[in-house]
Amino acid sequence: MFHVEHSGVDPEPGLRSLRIESLRNIRRLDLAPDTRTLLLTGANGAGKTSVLEAIYLLARGRTFRGTKAGPLTTQGESYTRVEGRYQPSDRDVVRLRYVKEGATAVRDIHPPRWAETGGADWRSPLQVKLVGENAQILLDGDPSLRRRFLDWNVFHVEHRFAQVQKDFARVLMQRNAAIRSGGSQLGLWDRRFIALAESVDRQRAAFHAEWRTCFLDLCGDYPFLHGTDLRYRRGWPDGRELGETLVALADQELARGYTLAGPSRADFRIEPGEGRRGFSRGQTKIVVALLQLAAERVHRAHGREPVIWLLDDLEAELDRTLAVRLWSAFGATGNQVIATRVATDGDPGIFGDTESLTMFHVEHPG
């Protein structure tokens, strides 16, 4: 199914081995990606994206592909199994295992000390960031997608944010129940709600300030992004206290049956430069990639382990000049990269000048 060409030296840290069984159209695959850049080439549908999916499953315990991709488990098989070995910079090799049987999935991390927090994906020793197809959904989709993206990145800067967010979600649920019951019990929840809401907002805003600085710095290499800005909206009007806002919205909340202001209404937006109404699909892909690169800069500045970049068909919808420029930005991070490219002739494309490059050619299973 695969053949390999290798040049360069082994990177640290990085994924050291990967075994896939019965995932999509991959019945069995063993890889040893001991290189800084692993490039998977092949025709459409050959299984390149499924390799990225396997690594994502190890890191996060869930897939990034929707139902349109079909069943996760290979037709005719009863389980999917993915196993890997990851070597952080402290040289303590971590073994990870993802097994899905029927409707049940289990993810294990060894040594067990890595899993003491209940397996939350942001505490996993193996961290990945994906740039794939449909990148525009982050910018054009529901605000809840952007909130999850923002919060996932905040977690990596301030671990206590997880508990604050959990406490806030519980109090928000209780406040909504009080609204639906007529509002007589709102006073019991508002003080706690406001305190937690302001704590969530402070931590989001602190991350955003650093994130925005890094993002704008990266935008300088792309003329179409001149004048672009990254704005954070906290979920209630600037210059107004949250308590004051809740009082003003009281009647509307009772009519609708839920809370109308606070962190659960927060968002971030990309504001195009003057004279620009929006971005093309290719330009949107670059914007999303730069958001990921900027977040990684913030995480590394706070002492986080480098992520593994999963780049699915990075060249798609980009002209060669922009694709080379974007790949250079990822390569400059020094992180391990696992990328895919549609090619049947062994051509590495924009990755051709990359140091420490391993190429695997993926063929349709026969």
Quiz item: Condition test on Leu357, is it hydrophobic (A, V, I, L, M, F, W, C) and modelled with pLDDT under 95?
Solution: yes
Quiz item: Under 9 Å by Cβ, and 6 or more places apart or on different chains, what pairs join a residue from region 239-250 that is closer than 16 Å to Ser199 by Cβ with one that is open to solvent by 40 Å² or more (accessible area, probe 1.4 Å) and part of a loop (DSSP other than H, G, I, E, B)?
Solution: Leu242/Arg234
Quiz prompt | Pair list, Cβ < 6 Å and 6+ apart or interchain, from region 31-53 residues that are over 23 Å from Glu21 (Cβ atoms) and open to solvent by 10 Å² or more (accessible area, probe 1.4 Å) to residues that are at pLDDT below 90 and in a loop (DSSP other than H, G, I, E, B) | solution = Arg36/Pro11; Arg36/Ser356
Self-check item: Flag if Thr333 is among the β-branched types (Val, Ile, Thr), assigned to a loop (DSSP other than H, G, I, E, B) and surrounded by fewer than 22 Cβ atoms within 10 Å (Cβ to Cβ)
Solution: yes
Self-check item: Odd one out for Gly282 among (1) free of Cβ contacts under 8 Å to residues at least 60 places away in the same chain; (2) within 23 Å of Lys48 (Cα to Cα); (3) in a loop (DSSP other than H, G, I, E, B); (4) among the small types (Gly, Ala, Ser)
Solution: (3)
Exercise. State all residues of region 121-167 that are among the β-branched types (Val, Ile, Thr), at pLDDT 95 or above and open to solvent by 20 Å² or more (accessible area, probe 1.4 Å); if no residue qualifies, say none.
Key: Val164
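Quick grid of which residues meet (1) under 17 Å from Arg233 (Cα atoms); (2) of a type outside the set (S, T, N, Q):
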| site | (1), (2) |
| --- | --- |
| Arg175 | no, yes |
| Ile179 | no, yes |
| Gln185 | no, no |
| Leu188 | no, yes |
| Glu198 | yes, yes |
| Asp201 | yes, yes |
| Cys214 | no, yes |
Practice problem: State whether the residues of region 42-60 include one that is in contact with a Lys or Arg (Cβ under 8 Å, 6 or more places away or on another chain), of a type in the set (Lys, Arg), at pLDDT 90 or above and farther than 25 Å from Ile350 by Cβ. | Solution: no
Quiz item: Using beta carbons and a limit of 9 Å, which pairs, at least six apart or on different chains, have the first residue in region 306-320 and touching a residue at least 40 places away in the same chain (Cβ under 8 Å) and the second one among the β-branched types (Val, Ile, Thr) and part of a loop (DSSP other than H, G, I, E, B)?
Solution: Pro306/Thr333; Val307/Thr333; Trp309/Thr333
Quiz prompt | Set Arg16, Arg28: member being closer than 27 Å to Gly349 by Cα, among the basic types (Lys, Arg) and part of a strand (DSSP E or B) | solution = Arg16
Exercise. Say whether the condition of being farther than 23 Å from Tyr56 by Cα, of a type in the set (Phe, Trp, Tyr), touching a helix residue (DSSP H, G or I) at 6+ places or on another chain (Cβ under 8 Å) and not in a helix (DSSP H, G or I) is met by at least one residue in region 297-310.
Key: no
Self-check item: Out of Gly235, Gly275, Gly243, sole residue that is under 24 Å from Phe215 (Cα atoms), touching a helix residue (DSSP H, G or I) at 6+ places or on another chain (Cβ under 9 Å) and open to solvent by 10 Å² or more (accessible area, probe 1.4 Å)
Solution: Gly235
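The values are calculated or read from the model by the stated rules, or taken from the named source; none is laboratory data. The structure presented is a predicted model; accordingly, all values stated were derived computationally and were not measured. FYI the Cβ positions are ideal-geometry reconstructions off the backbone, even for glycines, and counts take in every protein chain you see. Each accessible area value is taken on the protein alone, full model and side chains, heavy atoms only, with ligands, DNA and RNA left out. Shrake-Rupley method; radii C 1.70, N 1.55, O 1.52, S 1.80 Å.
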